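Working notes, structure below.
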Amino acid sequence: MKQEEGLVVKVQDGLASIKVGRHADCSACGACPSSQQVMVEAINRIGAKPGQRVRFAMQETQVLTGAFVVFVLPLLAAASGAVLGWQLAIGVGGEISFWAEFGAGFFFVLSLLVIKLFDRQVAKKQGMKPVILEILED
């Protein structure tokens, strides 16, 4: 279980929005290079209030699954689309480079839609959210 610390910014409906400073894992990822702070929504079972510093935890499998879906899935989709476009061009006698690029682009955009749907589904599942473990200071 991966633990982090942050500052509670907002509390609503049993969830807390926590402002978390970037750390070594974030800088290695580079997905949001301009941001020095990241907002995380966590389950607030212990009643943390805005302004309190808290420690929260998330399952490492959740982090790995999210990273795979966001970073690897689009690459696999684009590669698959390029291969399918190439096969289509050979089958119908079209220009190979056009159809390979079209297939890669089409499947890449399709993967972005899948990521958006995945994000919506994960946002609804309470079991996928981080959980606040303790209040560090008031």
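The values are calculated or read from the model by the stated rules, or taken from the named source; none is laboratory data. Since we're looking at a predicted model, the values are computed, not measured. Virtual Cβ from ideal backbone geometry, glycine too; neighbours counted across all protein chains shown.
Out of (1) over 17 Å from the mean Cα position of the chain (by Cα); (2) touching a residue at least 40 places away in the same chain (Cβ under 8 Å); (3) farther than 26 Å from E5 by Cα, what's the single condition that is false for G105?
For G105, the failing item is (2).
Being touching a Phe, Trp or Tyr at 6+ places or on another chain (Cβ under 6 Å) and modelled with pLDDT of 95 or more is the filter; apply it to the range 53-78 and report the residue that is nearest to Q126 (Cα to Cα).
Looking at the filtered set, the residue picked out is P74.
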